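Some notes on the structure that comes next.
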Amino acid sequence: MAAELSLRDVRQVRGGREVLRVDNLAVEPGEHVSVLGPNGAGKTTLLRLLAAVDSPHSGEVTVEGVSTSRGGVALRRQVAYATQRPGLLSTSVLRNVELPLRWRKVPRRHRRELAMVALERLRVADLADRPARGLSGGQQQRVSLARALAIDPAVLLLDEPAAGLDAESRAAFFADLEHALAGRATTVVQVSHRAEEASRMADRVVVLVDGCVRQVGTPELLTRRPADASVAALVGYDNLVDAHVEADGTVLVGRMPTGLTCGGLAGPATVAVFANGVRLLGNDEPGLPVRINRVSPDRGRQAVAVEGVLTLLAHLPIDVPSPRIGDLARVVFDPALSAVLPKAGADSTGVRRTGDDVPRTGEKLRAVGG
Amino acid sequence: MVEPLYEVLARSAFVSVSATLVASLIGIPLGTALALARVPGRSLLTAVVNTGMAVPTVVVGLAVAMVLWRSGPLGDLGLIYTVRGMIIAQVLVATPLITGITMAALQLLPPELPDQLRGLGANRRQLVVRMWIEARLPLLAAAMAGFGHAISEVGSSTIVGGNIHGHTQVMTTAIVENVGRGEFGVAIFYGVILLGLAFFVNGLLVSVQRRGLSWQRS
């Protein structure tokens, strides 16, 4: 069972300040949507509205066509909301997982079975009799998730489900989450400030910045064509550089060539470049003049910090000779790993993926907020 | 006629236990509402509760006596100089304390807990009951503190009860009376008994708390 979610003309105000504004956002039944944004972007506020924990200041939030403001407990019981901190009760793990089933008047024997199945799916069935508050952070997150899944909700809302876990535990947690959700038709909305976690299971990603939806799209679309610099930074572009696009489409940084061209976006722009899209060339080649500032190994590659007209991070394969600190070099950007974005506040015509064969003059990027 | 000690002790316990029960029935829901609900005037009510915790019991006694006095607004009920009148006074003494501790206890629970419980489908009653269960040890402490405050107070019991032998005399008023008469030995004896009662109640509280904490840690 899955449910459709929608937000229409939603405004949420806290302390007299508007903290969330969503004109139109719909989540299809069974869809996995991630909400990506920095801290304070309004992600949790959005999730609380979907969970019917809060009512919107204006506008309407619906679950399966029923307004959360009018749905009451019956509506909330279609939804399972796991808060960022696990919020486990000071009782055993098993009783924690059984509690929402008890509230739904599931007979004792059946709820014990359902609770154990949920704990097994999250690989924590052996902890069933342990006091929940005594578990490690990772175990608590798993129990919290098992508690939410045990009721077989139509909608599962996860607020930073791996918050507080180290990188290794996060990877294992998300693997178990995928395993637990496999074969379920549940509609899932997950909040995260990490692009890799937001993209991992998502059919679509909603990017929230300053309470506004900046872009909605598949993880691939967001990576290839971020709507603006804030989206680019969130989806993992390592370098954001002020640039200028000439009338002929040449992209310059500090009047120097970058190796990029872009049609239909003349004027001030921002160039977003992944670190592995920064090409280091000899000092006699055309490009941006820089000086090698720092070289360090970084997870199977070399991280190279360069300074010149701008500061950049470059990634080089581990098996190429390391550049020497202090050497002069030139830098150009790999069109396949760069995007030219409209400068904030500029009269832009949209985002351009550089180096694409097909010019997109006049094409408007599908933005945001539906 | 000197009343047997056990009768005074039993009356003290009856008055204070009754007052504690009634004060808990008022104070715990009120403290819960102040801690969890977004009600208008919440700040004002919180300030009233906090002030109430510091009001001298003799002032409470004076106020209750004025209301229950034969010519007072509730004088027709005939509660002045009765055990029931003393219970009313002690309820007013204990309620702010129980309310304040309840409020603090619930506010000290993990802040995400109410939202998490709502998000898992708890209705209002289920939410409140679960919050009380989570805060069971501090809530027990609140009731015990209310009881301790009630059984040890002398001001309101003297004014409202009148310290009438065989009717409204309780341990604290008996101590004051014996000191007034220069019977220090009797007063000290009563004091030791009262101290023993307080020690017993506190021991009970510590024992229950330790049991609860050891389960949570295990």
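The values are calculated or read from the model by the stated rules, or taken from the named source; none is laboratory data. Keep in mind it's a predicted model, so treat the numbers as computed, not measured. Neighbour counts are summed over all protein chains in view; Cβ atoms, including those assigned to glycine, are modelled from backbone coordinates with ideal geometry. In case anyone asks, the SASA skips ligands and DNA or RNA and just uses the protein heavy atoms, side chains included. Shrake-Rupley method; radii C 1.70, N 1.55, O 1.52, S 1.80 Å.
Points to keep in mind about this one:
- Test: residue in the stretch A:120-142 that is within 25 Å of A:Leu46 (Cα to Cα) and within 10 Å of chain B (Cβ to nearest Cβ): no
- Filter pass, B:Ala89 being open to solvent by less than 10 Å² (accessible area, probe 1.4 Å), in contact with a Ser or Thr (Cβ under 6 Å, 6 or more places away or on another chain), within 30 Å of B:Gly78 (Cα to Cα) and at pLDDT 95 or above: yes
- Residue in the stretch A:137-151 that is over 27 Å from the mean Cα position of the chain (by Cα), in the same structural domain as A:Gly183 (by TED's automatic domain parsing) and of a type outside the set (Phe, Trp, Tyr) present: no
- Single residue of B:Gly61, B:Gly100 found to be within 14 Å of the chain's Cα centre (by Cα) and among the small types (Gly, Ala, Ser): B:Gly100
- Cross-chain or 6+ apart pairs with Cβ under 6 Å, the stretch B:12-29 first and open to solvent by less than 20 Å² (accessible area, probe 1.4 Å), then among the basic types (Lys, Arg): none
- Residue match in the stretch B:134-156 (condition: at pLDDT 95 or above, of a type in the set (Val, Ile, Thr) and open to solvent by 30 Å² or more (accessible area, probe 1.4 Å)): no
- Residue tally, condition part of a helix (DSSP H, G or I) and open to solvent by less than 60 Å² (accessible area, probe 1.4 Å), over the stretch B:31-47: 8
- Failed condition for B:Ala94, given (1) more than 10 Å from chain A (Cβ to nearest Cβ); (2) more than 18 Å from the chain's Cα centre (by Cα): (2)
- Pairs where the first residue, in the stretch B:112-130, is at the interface with chain A (Cβ under 7 Å from one of its Cβ atoms) and at positive phi and the second is open to solvent by 10 Å² or more (accessible area, probe 1.4 Å) and of a type in the set (Lys, Arg), C-beta under 9 Å, 6+ apart: B:Gly121/A:Arg76; B:Gly121/A:Arg77; B:Gly121/A:Arg104
- Taking the listed residues B:Thr82, B:Thr95, B:Thr99, the one that is modelled with pLDDT of 95 or more and surrounded by fewer than 24 Cβ atoms within 10 Å (Cβ to Cβ) is B:Thr82, with no other qualifying.
- Residue selected from the stretch A:96-113 under the condition surrounded by fewer than 19 Cβ atoms within 10 Å (Cβ to Cβ) and in a helix (DSSP H, G or I), by the criterion nearest to the other protein chains (Cβ to nearest Cβ): A:Arg102
- Selection status of A:Ala118, under 26 Å from A:Glu31 (Cα atoms) and either part of a strand (DSSP E or B) or under 23 Å from the mean Cα position of the chain (by Cα) (or both): no
Condition check ((1) touching an Asp or Glu at 6+ places or on another chain (Cβ under 9 Å); (2) in contact (Cβ under 8 Å) with a residue 12 or more places away in the chain; (3) more than 30 Å from A:Ala167 (Cα to Cα)) across all residues:
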| site | (1), (2), (3) |
| --- | --- |
| A:Pro257 | no, yes, yes |
| A:Thr261 | yes, yes, yes |
| A:Thr270 | yes, yes, yes |
| A:Val273 | yes, yes, no |
| A:Gly277 | yes, yes, no |
| A:Pro286 | no, yes, yes |
| A:Arg291 | yes, yes, yes |
| A:Pro297 | no, yes, no |
| A:Ala305 | no, yes, no |
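- Where a residue in the stretch A:151-172 is away from chain B (no Cβ under 13 Å) and its partner, wherever it lies, is aliphatic (A, V, I, L, M) and assigned to a loop (DSSP other than H, G, I, E, B), with Cβ under 7 Å and at least six apart: A:Arg170/A:Ala162
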